[in-house]
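Read through the structure below, which is laid out as structure tokens, and then see the notes.
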Ligand code: GRF
């Protein structure tokens, strides 16, 4: 080994400075989001679909409330009667509609009901923010290029369920989150925005997911605005 060549063995050694406490290198995360988005055009008419905690729902609504994102959430559709996201919607005074998939025999029937609900509220852009059901062309075709999903990995790695577990099991050192357009194949539509986070040695599912979610909350409002640009809802200039 010459003096200037890197010592690759050292990469695997644990430097003393890191042995007690690792820190997150902020340069790893997506760095270039502007502070605010243009205010031109009418507010984007959003519908959010969620099944769980709803922290992403909340992040979008906060971005709207603080003037960062020119949009309005017209309705939350949720499929799990226990979902905490419904409480969040209620606190913000946003209408929510429970559509329980167990009440429908076929996925298509369920999706048809979702379409009807979203259309009834005159939704123009749909955000799947922790929606834990497969969707069919009945729903996707009703909102062409106007459906987004957020996924807790750097797609195309770790599609499908348990993406954070998959990343931990694979031993990757960087993972992250992706906002993409929805297509029939799961977690496979065109990518709008991604953010990376490091995987630290002591990470558990909870600590890694929490780190990913910080970035999810950051990129989702911007991805919504980007999608609206692409759909022509904002003037380009
Ligand atoms: C997020 O990690 C998202 O990427 C995944 O489901 C989770 C939803 O979290 N699709 P929350 O309900 O928004 O807190």
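The values are calculated or read from the model by the stated rules, or taken from the named source; none is laboratory data. Since we're looking at a predicted model, the values are computed, not measured. Cβ: placed from backbone, ideal geometry, glycine included. Neighbour counts: every protein chain shown.
A few remarks follow.
- Of the residues screened, residue 125 is one that is under 20 Å from residue 62 (Cβ atoms) and either buried (at least 18 other Cβ atoms within 10 Å of the Cβ) or in contact (Cβ under 8 Å) with a residue 24 or more places away in the chain (or both).
- Applying the criterion of being within 11 Å of the ligand (Cβ to nearest atom) and touching a helix residue (DSSP H, G or I) at 6+ places or on another chain (Cβ under 7 Å) to the residues of the stretch 209-234, the residue that is farthest from residue 72 (Cα to Cα) is 209.
- Of all the numbered requirements in (1) farther than 30 Å from residue 103 by Cβ; (2) free of Cβ contacts under 8 Å to residues at least 24 places away in the same chain; (3) out of contact with any strand residue (DSSP E or B) (no Cβ under 9 Å at 6 or more places or on another chain); (4) assigned to a loop (DSSP other than H, G, I, E, B), residue 185 misses one, and that requirement is (1).
- Subset of the stretch 65-102 (residues that are more than 18 Å from the chain's Cα centre (by Cα), assigned to a loop (DSSP other than H, G, I, E, B) and closer than 16 Å to residue 130 by Cα): 80, 81, 82, 99, 100
- Annotation: residue 180 fulfils all but one of (1) in contact (Cβ under 8 Å) with a residue 40 or more places away in the chain; (2) under 23 Å from residue 50 (Cβ atoms); the unmet one is (1).
- Residue match in the stretch 136-145 (condition: touching a helix residue (DSSP H, G or I) at 6+ places or on another chain (Cβ under 9 Å), modelled with pLDDT under 95 and in a loop (DSSP other than H, G, I, E, B)): yes
- Matching residues in the stretch 38-53 - criterion: being in contact (Cβ under 8 Å) with a residue 40 or more places away in the chain, in a loop (DSSP other than H, G, I, E, B) and in contact with a strand residue (DSSP E or B) (Cβ under 8 Å, 6 or more places away or on another chain): 51
- Test result for residue 118, surrounded by 14 or more Cβ atoms within 10 Å (Cβ to Cβ) and in a helix (DSSP H, G or I): yes
- A single member of 91, 107, 133 is at pLDDT below 95 and on the phi < 0 side of the Ramachandran plot, and it is 133.
- Residue in the stretch 154-169 that is closer than 20 Å to residue 227 by Cβ, in contact (Cβ under 8 Å) with a residue 40 or more places away in the chain, within 13 Å of the ligand (Cβ to nearest atom) and surrounded by 16 or more Cβ atoms within 10 Å (Cβ to Cβ) present: yes
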